[in-house]
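Report on the structure given below.
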Amino acid sequence: MVYTVHDDVAQTWHHGLIAKWWAEFNTTGPEIAYFQRFIEENGGPALDAACGTGRLLVPFLQAGLDVDGADISQDMLEHGRIRAEREGFSPNLYAQPLHELDLPRRYRTIVLCGGFGLGGNRAHDVEALRRLHEHLEPGGLLVLDNEVPYADGELWAKWPKEGQQDFPEEWVEPHSRKPGSDGAEYALRSRVVELDPLLQRLTMEMRAWMWRDDELVAQEEHLLKLTLYFKEELLLLLEGAGFMEVDVRGQYNDAAPTPEDDFLVFVARKG
C-alpha cells in the first residue's frame, strides 16, 4: 500500500470510529486535575485547545469554570458536545485547527494537553503558538505538555538509519475488544508507517474495529503525523511566538524536569 501524506494539510486520525473510541474509553487521567489548577489559579475565561471529546473540558465545566473548547475534528467535538449536554452544559465549541485559530474571545488561561505537534508540520506548529499567544489577554497563561522524543524507548532505538528498515510496521490484529455504552464492541491498534529523524517527523496509522453481536460491522484506518520536539527547541519556539516568561516543569508534578520525565509541561506567560 502506498501512503500519501500532504505536509501542507493538517491531517489526523481523530475521526469516525477512532473519535468514538476516545469518547468511550479515554475519559480520565492525572492531567485533568493538574491543568485545572492553572485555570483556577490564573483565572478565566479559559480555552481548552485541542479539547477532543471533552476529557478535560467537561470536568472543568463541572468545577464551575468558564471554558471554551476548540479542536480540528468535528467528530471529536460532537462527542464532547453530547457529553457536556448530558451533564447540563452548553460550552462554546469551535472546529478549528490550532494554526487557523480565530475565536471571538480572548482568554486569561489556555491549556493544551496532548495536542501540540499533532496532525500538521513544523510551520503549522509555529503558527499555532503565535495564534495561541494572540488569543491570550495581556498577562495570560499558556500551559502545554509535550512528550519527549525518547519517551518510547523501543521507537527511540530505531532513530539511527539502521532502524528505518523496520518501517512500515506490520499490523498486529486485536486480541481483545472493549464493550461500548451502545452495546457494540470496539478495538483499536496503531503502527508506525515512517520515521524521519532529520525532520523529527513520525507518521502513524491507526485502525479501529466495531462489532455487533460478534459480527464485524465497521473498520476504519486513519493517518496521523507527529512532529517531535526536544525541550530547548520548544522553548525557542515559545519565545519566538512572543511569550516573555516560560517555565518548564516535570511530568505533571511541578518539579524541575529530568531525563526521566516522559512528558514536560511548559508554562508560558504573555507579556
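The values are calculated or read from the model by the stated rules, or taken from the named source; none is laboratory data. Quantities reported herein were computed from a predicted structural model and do not represent experimental measurements. When we count neighbours, we look across all protein chains shown, and the Cβ atoms used for this are built from the backbone with ideal geometry, even at glycine.
Keeping to the range 200-237, report how many residues are of a type outside the set (Ser, Thr, Tyr), in contact with a Lys or Arg (Cβ under 8 Å, 6 or more places away or on another chain) and within 19 Å of Trp156 (Cα to Cα). The qualifying residues number 7. Just one of the listed residues (Arg189, Arg122) is in contact with a Ser or Thr (Cβ under 8 Å, 6 or more places away or on another chain) and either free of Cβ contacts under 8 Å to residues at least 60 places away in the same chain or surrounded by fewer than 18 Cβ atoms within 10 Å (Cβ to Cβ) (or both), and it is Arg122. Tell me, please, whether a residue that is buried (at least 16 other Cβ atoms within 10 Å of the Cβ), β-branched (Val, Ile, Thr), assigned by TED's automatic domain parsing to the domain that holds Phe60 and modelled with pLDDT of 95 or more can be found in the range 92-110. The answer is yes, given that some residue of the range 92-110 is buried (at least 16 other Cβ atoms within 10 Å of the Cβ), β-branched (Val, Ile, Thr), assigned by TED's automatic domain parsing to the domain that holds Phe60 and modelled with pLDDT of 95 or more. Counting only helices (runs of 4 or more DSSP H) that sit completely within the range 1-117, those holding 2 or more residues that are under 20 Å from Val143 (Cβ atoms) correspond to 31-42, 57-62. For the range 240-271, filtering for residues that are aromatic (Phe, Trp, Tyr) and over 18 Å from the mean Cα position of the chain (by Cα) leaves 1.
Across the range 1-31, the qualifying residues are those that are crowded, with 18+ Cβ neighbours inside 10 Å and modelled with pLDDT of 90 or more, and the one among them that is farthest from Gly180 (Cα to Cα) is Glu31.
Taking into account only those residues within the range 133-163 that are more than 15 Å from Leu235 (Cβ to Cβ) and in a helix (DSSP H, G or I), which is modelled with the highest pLDDT? Among those residues, the one meeting the criterion is Glu134. Does Glu85 qualify as being at pLDDT 95 or above, in the same structural domain as Tyr252 (by TED's automatic domain parsing) and either over 26 Å from Leu226 (Cα atoms) or among the hydroxyl-bearing types (Ser, Thr, Tyr) (or both)? In short, yes.
Among the residues of the range 23-44, is there at least one that is under 22 Å from His124 (Cβ atoms) and out of contact with any Pro (no Cβ under 7 Å at 6 or more places or on another chain)? No - not one qualifying residue is present in the range 23-44. Go through the residues of the range 47-61 one by one and say whether even a single one is of a type in the set (Gly, Ala, Ser), assigned by TED's automatic domain parsing to the domain that holds Leu129 and over 14 Å from the mean Cα position of the chain (by Cα). No, the range 47-61 contains no residue that is of a type in the set (Gly, Ala, Ser), assigned by TED's automatic domain parsing to the domain that holds Leu129 and over 14 Å from the mean Cα position of the chain (by Cα).
If you go through the range 100-111 and keep only what is out of contact with any helix residue (DSSP H, G or I) (no Cβ under 7 Å at 6 or more places or on another chain) and closer than 21 Å to Glu31 by Cα, you end up with just Tyr107. Is the range 154-166 home to any residue that is among the aliphatic types (A, V, I, L, M) and under 18 Å from the mean Cα position of the chain (by Cα)? No, every residue in the range 154-166 fails to be among the aliphatic types (A, V, I, L, M) and under 18 Å from the mean Cα position of the chain (by Cα).
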